[in-house]
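Worksheet: the structure to be examined is printed underneath.
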Amino acid sequence: MSLTNRTKVVSQKRMSFLERLYLPAIFVGMGITLKHTFMKKATIRYPEVKRPFSDIYRGRHVLKRDEQGRERCTACGLCALACPAEAITMISAERKPGEEHLYREEKYAIVYEINMLRCIYCGLCESACPKEAIFLTQKIVDSEYHREGFIYGKDKLLEPVDKDKRIDVSKRQTPEVLNFKKLPNEKHNI
Amino acid sequence: MLILVFKIVLIAVILGLSLLIAMYATLVERKFAGFIQDRLGPDRAGKWGILQPVADGVKLFFKEEYMPNAADKFLYILGPSLTMLVALLTSAVIPWGGSVTLAGKEYTLQVASSSVDILYIFAVVSMGVYGIMIGGWASNNKYALMGAVRASSQMISYELAMGLSMASVILMSGSLSMHDIVAHQQSHLWNIVYQPLAFIIFFTCALAETNRAPFDLPECEAELIGGYHTEYSAMKLGFYLFAEYINMFVSSAIMSTLFFGGYTLPFADKLHLAPNLITLLGTAFLFVKIFLFMLLFMWVRWTLPRFRYDQLMKLGWTILLPLALLNLIITGVITLL
């Protein structure tokens, strides 16, 4: 009894004279390569042409701001805790009076760093975040000459205040996320 | 005096053309390989990668010149130089066209015409292996030595069959001069019609002589890490790689001349054009044939896998050589009758 139906009986039959000439086989092979010469090419000319990404592609991160341009992150550290690669570090600070237009919560991250070489782009930080502050985007991490450049601070992660330049993450907000936001004690998250 | 000027100009033109064609053959080869493998090939340097050979050349010039400590300094440098020299020497006797009349004087488009052109080609082509052998030996590296040994044994095995297949062509025209062979094809049909077997043998041997796949055993990357040029870098490596393409160009020229009518233009006498124009058209026609052959070389390379060493020897000694002999005997009998 055979374990699979893929077994093949191998036969060692002698090659016929025509087969031993090799030339017909060579011509067939050259026909195949010639056919491929005129076939559609698989190459995507990368910087000019980009392969379409899935809406929920997990690329480099963005730290979101709220409607009024305030940072949503409250430096709770859940993302760093959730991160299996331990790529996220942060230092929290207290919001001073007069900084209400900058930070939404009373506590904020004065330093927020993600090491893009450690990150495995699993998206657990995104799901851990209770404040809708961190999202992964379709952008790809740029190449750098030095390792230090891959440690992204707030300067690179935070989205611009300018409304037109905000990074759209609405497609990543799954029904679960949207329902969560509707809970009575999470209203502030909208 | 004028003939000297003409010859010098001709030599310069042919030298420049061989180098230019070899340069762009690298690009065409990479493009063609890409197309065969459903890729695009180089297309970043200039439009369609037109500047790629320049970039490669510049890169090779600026690479570190590395020489192994235990290498034989003199031979190490002689190797690539000899390969390049020999590759360029062969083109001297190839008739690139008929004759042009300039200021009432007639000049032939051949650098050096002699009655033993084919012998000369053989002598020079056989020298080609010296560059590889010397380079492989001087590198003092076992892979390089293996490549060199393979190159020399391959050259010996394939030169014989090549010579015999060429001999049947010589029998047909009764002359060793390239001009006579071309003239014979003008009055009769192209040699390929009479000698298809000789052509197949010659083409196979030409693949082996230029060390190109499926006979690139001296430099097979997978087993010998580049073979004879393992230890070479910078422009010395460039010379080896470049010489391969020049060899390809010259072999294509020889094949077009011996089997495909060379520079003769079919129906030339019915066109009623100026003789000089016909000569130029003939030269253009020859170059078209050469380019087609070079494409064929590349096409074969990217289709067939490399032969195993024993298969290579078996093919050379037990198949090609007897076939070439048989072909020679049959040709001899028919010419005699």
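No value in this document is a laboratory result; all are computed from the given coordinates. Bear in mind that the values here come from a model prediction, so they are computed numbers and not experimental data. Note that each Cβ is placed from the backbone with ideal geometry, even for glycine, and that neighbours are counted across all protein chains shown.
Across chain B, C-alpha contacts under 8 Å between residues 6 or more apart give a mean separation that, scaled by the residue count, equals a relative contact order of 24 percent. Positive end of the charge dipole of region B:183-337 (Lys, Arg +1 and Asp, Glu -1 on Cβ, about the Cα centre): tell me which of B:189, B:292, B:254 has its Cα farthest that way. It is B:189.
With 25 Å as the limit, the listed pairs A:40/B:47; A:64/A:139; B:31/B:73; A:131/A:165 have B:31/B:73 beyond it between alpha carbons. Which log10 I(q)/I(0) values, to two decimals, does region A:61-189 give at q = 0.15, 0.17, 0.20, 0.23 Å⁻¹ under the Debye formula with one point per Cα? Values, matching the q order: -0.72, -0.93, -1.30, -1.63.
At a temperature of 10 °C and a viscosity of 1.306 mPa s, determine how fast the protein assembly as shown diffuses translationally according to Stokes-Einstein, using the Kirkwood radius over alpha-carbon pairs as Rh; express D in µm²/s, rounded to the nearest whole number.
55 µm²/s
Counts of other chain beta carbons within 10 angstrom of each beta carbon in peptide B:301-307 average 3.
The calculated 222 nm mean residue ellipticity attributable to helices in chain A amounts to -5500 deg cm²/dmol, summing -39500 (n - 2.57) over DSSP H runs of n ≥ 4 and dividing by all residues. Basic side chains Lys and Arg get +1 at the Cβ, acidic Asp and Glu get -1 at the Cβ, and with that the dipole of region B:56-336 about its Cα centre reaches some 220 debye.
Rounded to whole numbers, the Karplus 3J(HN,Hα) couplings from phi for region A:59-70 are x, 5, 7, 9, 9, 7, 10, 8, 4, 8, x, 9 Hz, using 6.51 cos²θ - 1.76 cosθ + 1.60 with θ = phi - 60°, and x at Gly and Pro.
Each residue of region B:33-40 is assigned a 3J(HN,Hα), and the resulting list reads 4, x, 4, 4, 9, 6, 10, 9 Hz, derived from the Karplus form 6.51 cos²θ - 1.76 cosθ + 1.60 (θ = phi - 60°), x at Gly and Pro. Amide hydrogen proximity for residue A:105: with H placed 1.01 Å from N in the peptide plane, no residue at 5 or more positions away or on another chain lies under 5 Å. Return the lysines within reach of residue B:7: Cα separation strictly under 22 angstrom, same-chain partners fewer than 8 residues apart disregarded; answer none if there are no such residues. Straight-distance partners of residue B:7: B:105.
Each Lys and Arg Cβ is given +1 and each Asp and Glu Cβ -1; about its Cα centre, the protein assembly as shown then shows a dipole of about 1340 debye. The alpha-carbon of residue A:13 sits under 26 angstrom from the alpha-carbons of these lysines, leaving out residues fewer than 8 places away in its chain: B:314. If only the Cβ of Lys and Arg carry +1 and only the Cβ of Asp and Glu carry -1, the dipole of region A:61-189 around its Cα centre is close to 280 debye. When chain B is treated as a GNM with alpha-carbon contacts under 10 Å, the residue of B:179, B:188, B:229 showing the greatest mean-square fluctuation is B:188. Dipole orientation for region A:61-189: of the candidates A:78, A:179, A:90, A:179 has the Cα lying most toward the positive pole (charges on Cβ; Lys, Arg +1; Asp, Glu -1).
Per-residue extension of 0.36 nm, minus the Cα-Cα distance of residue B:45 and residue B:20, leaves a gain of 7.3 nm for this segment.
Quick one: grab the alpha carbon gyration tensor of region B:27-170, order the square roots of its eigenvalues as a ≥ b ≥ c, and give me rounded if a/c is under 1.5, else prolate or oblate depending on whether a/b is larger than b/c. Because a/c hits 1.5 or more and a/b fails to exceed b/c, region B:27-170 counts as oblate.
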